[in-house]
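The values are calculated or read from the model by the stated rules, or taken from the named source; none is laboratory data. Note that the structure is a prediction, hence the values are computed from the model and not measured. Don't worry about glycine lacking a Cβ; one is built from the backbone with ideal geometry, like all the others, and counts go over all protein chains shown.
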Amino acid sequence: MNQNETPLFDALLRHAARQPVQFHIPGHKRGRGMDNRFRSFVGENALSLDLINIAPLDDLHHPTGAIKHAQELAAEAFGADYTYFSVQGTSTAIMTMVLATVGPGEKILVPRNVHKSVLTAIILADAHPIFLHPEVDCDFGISHGLSVETVADALHRHPDARALVVINPTYFGIAADLARIVEIAHSVGVPVLVDEAHGVHTGFHPELPLSAMEAGADMAATSVHKLGGSMTGSSVLNVREGMIDPRHVQVVLSMLTTTSTSYLLLASLDVARKELAMFGRDRIGYAIALANRARAEIEQIPGLACLDKRQLCGSATYALDPTKLTISVKDLGLTGYDVERILREDYNIEVELSDLYNILCIVSWGDSEDDVAALVTALREIAGRFRPRETKEHAPVTLPSMPELRMTPRSAFYAPTEAVPLQESVGRTMAEMVMVYPPGIPILLPGEIITQDNIDYIEANLRAGLPVQGPDDPEIRMIKVVKENA
Ligand SMILES: Cc1ncc(COP(=O)(O)O)c(C=O)c1O
């Protein structure tokens, strides 16, 4: 196939150039029926591609033309047997992977630090999650992926599991020994579903961790929009035939997808795939070099430390995506959120996320030397303003313990509930999710028994100003628990 082609984008351009009289939705009709300020800012070109599934433009729900061709090119580029486009982000692609493989009462092996979309799908499917402990880094206060030993042990204890979910790489750019994990899971007939939200670029550069498809995984939900150059909300679901029926996957994805699919998002997937396939290696090489230079400079700043290859010490921390700059700021006596706010207010710099101990900055080929220099200079100044701790001991971190599951997430979600003060909820069964977003990993989820250290961790995140969300009560003073003796 010719990866230089962009069949869907070309079909849209040809259609727009004909300027047909449009008696179909969207009613803004190439922007003419829209707010003037919005139209002139966004531009008539973009609005002329905001179209729907009329015959010349194919239909994502039953592709036979330009979308089918674009998906086939993507499958070749990603090394998949089939690739399906998602206009609802990786969340919908993840829900599709889960709902296509597990049903009511069936077991699914899941690292506890998964994104909320995995847990949403488990509630929808009424599946039985077996939560696995990810490895944790007690210097940075973050969770990594699963070790090979954890996976092997879980498969041994649960030979009836219908699927294994793996996050690879993590938000912080750490990848496990995925090829080995896949080999072990396949040896007992369990398919491997990879949350590849942060790994679209991995298959396009030899210095990056293996991509899910390269490692032999069965499905991967991959955010092209995060690091692959397409528009926000556009992702792909890559599928390997064998243990998975691609036709069934397509049906499930279609069930979860709007019938009003955005052609702007679809076209941006088409062109991003072309860029990755044709120029990915050079562009990613540039981003790696830029990030490595920044990492080396930040490492020299007293009180700051960067996650790097020194943290790779086992099968859960097997490879690193160096374009992720995870910067520990705790030795400055500040939270990550404090530094995020200072960077925003004093330096006009926005980071990807912060937590109690770190900030995460994502470097891509869209960044310049000047952008990275501005970040390094700002961090140097901040470190100068807030003197680092004098002791050689690093500031301690706390991580919440993994809660115990008392009932399935779905039974808890649909059980009679009552609201109780967070502080008085120890020992009760959670009926809603609590998470910090980003990264969107639940601290507590429906069905889990609440412990004091979960409450302390929630309180610490709230005190730090981090975006804790999920419960009905946005202030999180009250939380919903399952009614006792109901
Ligand atoms: C690990 C992980 N998985 C899945 C998602 C969901 O991706 P999306 O925002 O494209 O729905 C995210 C989003 O931040 C994520 O960090």
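Suppose we filter region 202-253 for residues that are among the aromatic types (Phe, Trp, Tyr) and within 19 Å of GLY89 (Cα to Cα); how many remain?
Step one: of region 202-253, the residues among the aromatic types (Phe, Trp, Tyr) are 204.
Cutting the leftovers down to within 19 Å of GLY89 (Cα to Cα) gives us none.
Residues flagged as among the aromatic types (Phe, Trp, Tyr) and within 19 Å of GLY89 (Cα to Cα) within region 202-253 amount to 0.
Suppose we filter region 449-469 for residues that are in contact with a helix residue (DSSP H, G or I) (Cβ under 8 Å, 6 or more places away or on another chain) and within 22 Å of VAL118 (Cα to Cα); how many remain? Going through region 449-469 one residue at a time, the tally reaches 2.
Listed by position, the strands (runs of 3 or more DSSP E) contained in region 395-456 that have at least 1 residues being more than 30 Å from ALA305 (Cα to Cα) are 417-421.
Here PRO56 meets each of (1) at pLDDT 95 or above; (2) surrounded by 12 or more Cβ atoms within 10 Å (Cβ to Cβ) with one exception, condition (1).
Take LEU109 and tell me if it is buried (at least 24 other Cβ atoms within 10 Å of the Cβ) and under 26 Å from GLN311 (Cα atoms).
Yes; evaluated as a whole, the condition is true for this residue.
Here ARG387 passes the criteria (1) under 29 Å from the mean Cα position of the chain (by Cα); (2) part of a loop (DSSP other than H, G, I, E, B); (3) surrounded by fewer than 17 Cβ atoms within 10 Å (Cβ to Cβ); (4) of a type in the set (D, E, K, R) except the one numbered (1). Taken together, PRO111, PRO129, PRO104 contain a single residue that is on the phi < 0 side of the Ramachandran plot and within 11 Å of the ligand (Cβ to nearest atom), which is PRO111.
Look at GLU340 and say whether it is touching a strand residue (DSSP E or B) at 6+ places or on another chain (Cβ under 8 Å) and without any contact (Cβ under 8 Å) to a residue 24 or more places away in the chain.
Details: touching a strand residue (DSSP E or B) at 6+ places or on another chain (Cβ under 8 Å): yes; without any contact (Cβ under 8 Å) to a residue 24 or more places away in the chain: yes.
Here the answer is yes, as GLU340 does meet what is asked.
As an exercise: evaluate THR64 against (1) of a type in the set (Ser, Thr, Tyr); (2) more than 21 Å from the chain's Cα centre (by Cα); (3) in a helix (DSSP H, G or I) and give the number of the one condition it does not meet. With respect to (1) of a type in the set (Ser, Thr, Tyr); (2) more than 21 Å from the chain's Cα centre (by Cα); (3) in a helix (DSSP H, G or I), THR64 is out only on (3).
Output the residue which, of all residues in region 196-250 that are within 16 Å of the ligand (Cβ to nearest atom) and on the phi > 0 side of the Ramachandran plot, is surrounded by the most Cβ atoms within 10 Å (Cβ to Cβ). Lay out the reasoning, then the answer.
Step one: list which residues in region 196-250 are within 16 Å of the ligand (Cβ to nearest atom), which gives 196-202, 209, 211-212, 217, 219-238.
Filter once more, keeping what is on the phi > 0 side of the Ramachandran plot: 229, 233.
On the way: GLY229: 24, GLY233: 18.
My answer is GLY229.
For first residues located in region 228-244 and assigned to a loop (DSSP other than H, G, I, E, B), partners that are among the β-branched types (Val, Ile, Thr) and within 14 Å of the ligand (Cβ to nearest atom) and lie 6+ apart or on another chain with Cβ distances below 7 Å form the pairs GLY228/VAL200; SER230/VAL224; GLY233/VAL87; SER234/VAL87; SER234/VAL224. Just one of the numbered conditions (1) under 17 Å from the mean Cα position of the chain (by Cα); (2) of a type in the set (A, V, I, L, M); (3) within 17 Å of VAL192 (Cβ to Cβ) is not true of VAL249: (1).
For residues that are more than 16 Å from the ligand (Cβ to nearest atom) and in contact (Cβ under 8 Å) with a residue 40 or more places away in the chain, scanning just region 425-442, find the one that is nearest to GLU475 (Cα to Cα). Let's see the steps before the verdict.
Narrowing region 425-442 to residues more than 16 Å from the ligand (Cβ to nearest atom): 425-432, 434.
Narrowing the set further to residues that are in contact (Cβ under 8 Å) with a residue 40 or more places away in the chain leaves 425, 428-432, 434.
On the way: SER425: 15, ARG428: 19, THR429: 20, MET430: 17, ALA431: 17, GLU432: 14, VAL434: 11 Å.
Taking the candidates together, the pick is VAL434.
Only a single item in (1) in contact (Cβ under 8 Å) with a residue 24 or more places away in the chain; (2) away from the ligand (no atom under 16 Å from the Cβ) is not met by ILE174, and it is number (2). Checked against (1) surrounded by 20 or more Cβ atoms within 10 Å (Cβ to Cβ); (2) more than 16 Å from the ligand (Cβ to nearest atom), ILE94 passes all but a single condition, namely (2). ILE362 meets the conditions (1) more than 30 Å from ALA287 (Cβ to Cβ); (2) in contact with a Lys or Arg (Cβ under 7 Å, 6 or more places away or on another chain); (3) within 16 Å of the ligand (Cβ to nearest atom) in every case but one. The failed one is (1).
Touching a strand residue (DSSP E or B) at 6+ places or on another chain (Cβ under 9 Å), farther than 22 Å from ARG240 by Cα, within 12 Å of the ligand (Cβ to nearest atom) and not assigned by the TED database to the domain that holds THR323: is that true of ASN168 in this structure? No. Of the residues making up region 319-376, those that are closer than 19 Å to GLY465 by Cβ, of a type in the set (Ser, Thr, Tyr) and in a loop (DSSP other than H, G, I, E, B) number 2.
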